[in-house]
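The values are calculated or read from the model by the stated rules, or taken from the named source; none is laboratory data. This one's a predicted model, so the numbers in the text were calculated from it and none came from an experiment. Here the Cβ positions follow ideal geometry from the backbone for every residue, glycine too, while neighbour counts run over all protein chains shown. Heads up: the accessible areas ignore ligands, DNA and RNA and are worked out on the full protein's heavy atoms, side chains in. Shrake-Rupley method; radii C 1.70, N 1.55, O 1.52, S 1.80 Å.
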Amino acid sequence: MNIVVLVKSAVDEAELKADQSGHPVLKGAATKMSAFDMNGVEEAVKLKEKNGGTVIVLTLGGPEAKKAIKEAMAMGGTKAVHVLAEAADAPDSLGTAYCLAQAIKRIGAVDLVVSSEGASDTYQGEVGAMVAEFLDLPFIAYAKKVETDGVKVRCEQGLRGTVRVLEARLPAVVSVVSEANVPRYPTLLQVMVAGKKAIEDVPIASLKGPDYPDTGTVVVDVSVQSASRKRVIFDGTPEEAARKLAGALKQEGVL
Amino acid sequence: MTGAVLSYSESPDLAGEVAAAGQEVAKMLGAEAVSLELDEVSPGLLTANKVVLVKGELPLEAIADSAAAGILELVKARGFGALLIAETRFGTIVAAKVAARLRVGSLGKGKKLRVDEGRLVIERDVYGGRFTATVASRLPCVAVVQAGAYEAADASPGPAESVAVTVGEPKVAITQTKQGQQGEAGIKSALKIVSAGRGFARKEDLVIAQDLASALGASLGCSRPLSSDLGWMGEEAHIGLTGAYVHPQLYVAIGISGQLQHVAGIKDSKVIVAINKDAHAPIFQVADYGIVGDLYEVVPALTKALKQG
Ligand SMILES: Cc1cc2nc3c(=O)[nH]c(=O)nc-3n(C[C@H](O)[C@H](O)[C@H](O)COP(=O)(O)OP(=O)(O)OC[C@H]3O[C@@H](n4cnc5c(N)ncnc54)[C@H](O)[C@@H]3O)c2cc1C
């Protein structure tokens, strides 16, 4: 069974600094595999271990994305395809999905594409669904359990207060939520071996056909948010503090 | 003239809000605002917009595939200027599918929609909600509207125009439906929220939070680990970047550390209260009022103090 797992390299949001004008300092910022993609990789590797086959890590990003790719390879990826796009050429979500779908078509016989519920930097959760549309494949979103017999994929999905079991014929695209699994920690040996596995670089331009969707969607600005809160701490015994808090809430008119 | 601005939500709680967003955008574009409804008109739809009811040979809202297909059939026949969908997991999938099928821009999930030089502009959270990205797209395009960003009107909709579409079998089949953990209905529009985090040692202890919620007349929410990892509460109850964006008058965070991703969902609260035993928990940095202490002592004391008035 050939499984493609979509992995995004994301800026570590906790480490990201803003410059004096409030814009993020992205140059040289620390990056890592997007948090939920670890669940995607874990699911893909688990399915491979059960059913045999390969896990192909597919990433679109700049040169810095090699780090995330290696993290995914250390978790059990068989090989990797890196669609190279410098920041200036970074496409919007639809363009990203188009390029990933083109790359998957080139890989050839793919049975299952696994993505995660969303990236830790942008959290839009669109790309998996869009890849499925470009490939004209069934899409099961927000899966918390994934099973396959090589013919069909069966997933549990929690949505709107119900848990449903959804089923689709392979090939298919599935996005998993974080509760699907607990990502493994690779051993030092796995990390070292992964560092030597081949990564195929594919320039983004080579994937763009005449049907590339140019939607004119652009990020106009990114600025830091600021919030000012009162930050009053009430002390004393729990009863005293609670009484003071109740008084403050009454005064605020929020009771 | 620009095509109609369509608004849609499968959630009765959000249908009115997204209709209001559609009306605002339509006004800016000088276009018609149309509320799209699938299968049946939602009881929550309060709007002065024109209502178009789309019906398929199968229930369209049974699955995102069919909902997207129903919307696609309608827009292919009539065109559109923009499609606004209220933010839920279901809505997110429908928006992505429609954008991909039509090959139009997808602005993602955000608020403060505006029109600039003929483009639709949205503001959305990025980098864990620490930054705001302003994103613009040519028309027509698709956008997902954050809960609480618009206020539902209080009008009763006029008669709906009914449109029949044929969508075909979805590629995904539902083989089983079980009752899951119910999330708190309507948490996205709740005026008061008591929210529980991993500071609670056992599921049974949530009764302490529930008692406070009852005393306040508040809804009960939680941090992501409580719904996702522990399964103590329904998925819809989790608040933050990946869950509900809430905007209550009062938000009480109990045993929640206040990581970026949780805080992203509560920024629009009027008053934020934090109860945590760790004085250095980041939640205190974004709270108006705080008590440093053991929730097992502080929360019952607060419930009692509130009951005494
Ligand atoms: C991409 C991404 C998206 C995410 N999205 C979300 C999201 O939407 N929403 C969300 O909530 N999280 C989200 N998370 C997870 C988030 O980063 C945090 O892990 C999570 O919010 C922590 O939940 P918590 O505060 O309940 O638990 P913890 O961080 O474990 O905090 C527990 C707190 O309880 C306090 N405590 C313990 N015992 C007591 C006691 N007896 N009395 C008082 N206080 C006590 C502790 O001091 C601590 O501060 C996301 C993570 C990622 C990577």
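Observations, loosely collected:
- Spatial separation of Cα centroids for the range A:57-128 and the range A:189-255, in angstrom: 21 Å
- Just so you know, the Cα atoms of the range A:117-255 work out to an Rg and Dmax of 24.6, 70 Å.
- Whole-angstrom Cα spans of the range B:151-242 along principal axes, big to small: 52, 39, 23
- Take B:Leu29: with every protein chain present and a 1.4 Å probe, its accessible area is about 30 Å².
- At q = 0.19 Å⁻¹, base-10 log of I(q)/I(0) for the range B:1-117 (Debye sum, equal scatterers on each alpha carbon): -0.98
- Pairs from A:Lys46/B:Lys178; A:Lys145/B:Lys203; A:Lys27/B:Lys188; A:Lys105/B:Lys55; A:Lys70/B:Lys188 whose Cα-Cα separation, in the structure shown, is over 32 Å: A:Lys27/B:Lys188; A:Lys105/B:Lys55; A:Lys70/B:Lys188
- Within chain B, the selection of entire DSSP H helices by a Cα span of 27 Å or greater along the long axis and an average Kyte-Doolittle value of at least 0.0 returns an empty list.
- Computed accessible area, A:Met75, all protein chains, 1.4 angstrom probe, square angstrom: 10 Å²
- Between the range B:33-75 and the range B:242-283, the C-alpha centres lie 35 angstrom from each other.
- B:Arg89 contributes an accessible area of around 40 Å² to the protein surface, as traced by a 1.4 Å probe with all chains present.
- Using the average count of surrounding beta-carbon atoms within 10 Å as a protection proxy, the listed peptides A:94-100, B:223-229 rank, highest first, as A:94-100, B:223-229.
- Summed over both chains, the area buried between B and A is near 7300 Å², taken from the accessible surface of protein heavy atoms with a 1.4 Å probe.
- Whole-number D in µm² s⁻¹ for the range A:61-197, Kirkwood Cα-pair radius fed into Stokes-Einstein, 10 °C, 1.306 mPa s: 98 µm²/s
- Estimated FRET transfer efficiency (B:Leu58, A:Asp89; beta-carbon r; R0 45 Å; 0.05): 0.60
- Inter-label distance, nm, simple model (7 Å from Cα along the C-beta direction), B:Ala173/A:Glu49: 3.1 nm
- Here each label is just a point 7 Å from Cα along the line to Cβ, and for B:Glu204 and A:Glu240 those points are 3.3 nm apart.
- Heavy-atom accessible surface of the range B:1-118: percent carbon and sulfur, 1.4 Å: 51 percent
- Fluctuation leader among A:Ala241, A:Ala65, A:Ala80 - chain A, Gaussian network, Cα springs under 10 angstrom: A:Ala241
- Of B:Lys267/B:Lys304; A:Lys8/B:Lys27; A:Lys8/B:Lys267; B:Lys109/B:Lys192, pairs whose Cα-Cα distance is over 32 Å: A:Lys8/B:Lys27
- Computed log₁₀ I(q)/I(0) - Debye formula, equal Cα scatterers, no solvent, chain B, q 0.07, 0.08, 0.09 Å⁻¹: -0.30, -0.39, -0.49
- Two-decimal log10 I(q)/I(0) for the protein assembly as shown, as the Debye equation yields it once each C-alpha is a single scatterer, q = 0.11, 0.12 Å⁻¹: -1.02, -1.21
- Note on B:222-234: average number of Cβ atoms from other chains within 10 Å of each residue's Cβ is 2.
- DSSP beta bridges in the protein assembly as shown [antiparallel fraction, %, rounded to 5]: 35 percent
- With a 10 Å cut-off around each Cβ of A:131-143, the average count of Cβ atoms from other chains is 4.
- The simple spin-label model puts a point 7 Å past each Cα toward its Cβ; for A:Ala14 and A:Lys250 those points are separated by 4.1 nm.
- Per-peptide average of other Cβ atoms within 10 Å, ordering A:178-186, B:187-195, B:165-173 highest first: B:187-195, A:178-186, B:165-173
- Shielding value for B:283-294 is 6, the average number of Cβ atoms from other chains within 10 Å of each residue's Cβ.
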